[in-house]
Amino acid sequence: MKGDESTRHVKIIVPLEQDEDGYPPVGSERLWALDLGEGRYQIDNIPFFARDLALGDVVSAVPEAKAEEGVLRYHQVLQPSGHSTFRILVDDASQVPEVCTLLEEVGCDTERSHLPRLVAIDIPPSVSLAAVRKALAPGVSQERWEYEEACLGQAEAG
């Protein structure tokens, strides 16, 4: 999502809860967002670790007291975008380009993490979740990758 010149980007800190295995590997994630005014912000990148957030969601956030100026702390989703967020962990990092191409052919956007085997997937409302699952199924059954459905922003009927 790209804003016009009247919007500005901000960083929003989303606190994360780690499980007993230490996942996610960080205690918070910083997401880009467009400042819509009046304490409303539109998520402008695909989350790698945050759950229940997707590209395009409108959220509320407040200034983060302990961070540099202009950094905000996530509060809640105000208006879901209808996008879904999946994450895929590829067994062999050399297969990441193949996975990205596969997902882009289905109509998804992908973003590669600083972790070489992790890819965040944005599924727009126009793309069927069933089609994405079907595209990913062969790699899962061959144990080439596994995926997580981190945010389901659309009806399952798609």
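Assign unit charges at the C-beta atoms only (+1 for Lys and Arg, -1 for Asp and Glu), then state the dipole size of segment 108-150 relative to its Cα centre in Debye, rounded to the nearest 20. List each step's numbers first, then the result.
Working: 5 positive and 7 negative charges, 35 e Å.
The dipole magnitude comes to about 160 debye.
How high is the FRET efficiency from Arg73 to Glu146, r the C-beta distance, R0 35 Å, rounded to 0.05? Write out the running numbers ahead of the final one.
On the way: r = 31 Å, r/R0 = 0.88.
The computed FRET efficiency comes out at 0.70.
Can you tell me the FRET efficiency between Leu89 and Leu16 if r is taken as the Cβ-Cβ distance and R0 is 25 Å, rounded to the nearest 0.05? Don't jump to the answer; show the numbers that get you there.
Details: r = 16 Å, r/R0 = 0.66.
Computed FRET efficiency for Leu89 and Leu16: 0.95.
Under 1.5 on a/c is rounded, so check that first for the chain, then, if it is not, pick prolate when a/b is larger than b/c and oblate when it is not; a ≥ b ≥ c are the square roots of the alpha carbon gyration tensor eigenvalues. Write out the running numbers ahead of the final one.
On the way: a/c = 2.05, a/b = 1.50, b/c = 1.36.
Note, shape of the chain comes out prolate.
Compute the long axis of helix 129-141 from its Cα atoms, compare it with the longest principal axis of the Cα atoms of the chain, and write down the angle in degrees, 0 to 90, nearest 10.
Once rounded, the angle reads 50 degrees.
Most exposed first by the Cβ proxy, i.e. fewest other Cβ within 10 Å, how do Trp32, Trp145 rank? Write out the running numbers ahead of the final one.
Working: Trp32 14, Trp145 20.
Fewest-to-most ranking of Trp32, Trp145: Trp32, Trp145.
Springs between alpha-carbon pairs under 10 angstrom, Gaussian network model over the chain: which of Asp57, Asp92, Asp35 fluctuates most?
Fluctuation is largest for Asp92.
Rounded, prolate or oblate: which one fits segment 42-111, using the alpha carbon gyration tensor with axes a ≥ b ≥ c (rounded when a/c is under 1.5, else prolate when a/b beats b/c, else oblate)? Can you show the working numbers first?
Details: a/c = 3.18, a/b = 1.87, b/c = 1.70.
Cα axes put segment 42-111 in the prolate bin.
If I fit a long axis through the Cα atoms of helix 96-106 and take the longest principal axis of the Cα atoms of the chain, what angle between them do I get, 0 to 90°, rounded to 10?
On a 0 to 90 degree scale, this one is about 80.
Quick one: Cα centre-to-centre distance for segment 110-141 and segment 13-59, in angstrom?
Using only Cα atoms to place each centre, the spacing works out to 18 Å.
Given a 10 angstrom Cα cut-off, can you work out which residue in Ser28, Ser128, Ser94 is the most mobile in a GNM of the chain?
Maximum among the listed residues: Ser94.
Of the candidates Ala54, Ala33, Ala137, which one comes out as most mobile in a Gaussian network treatment of the chain with C-alpha springs shorter than 10 Å?
Ala137
Between Glu104 and Ser60, what length comes free when the chain is fully extended (0.36 nm per residue of separation minus the Cα-Cα distance, one decimal in nm)? Can you show the working numbers first?
Values: separation 44, 0.36 × 44 = 15.84 nm, distance 3.00 nm.
Full extension from Glu104 to Ser60 adds 12.8 nm.
Where a number appears in this text, it was derived from the coordinates with a stated rule and is not lab data. Keep in mind the model is a prediction, meaning the values are calculated, not measured. Cβ sites come from the backbone with ideal geometry, for glycine too, and all protein chains shown count toward neighbours.
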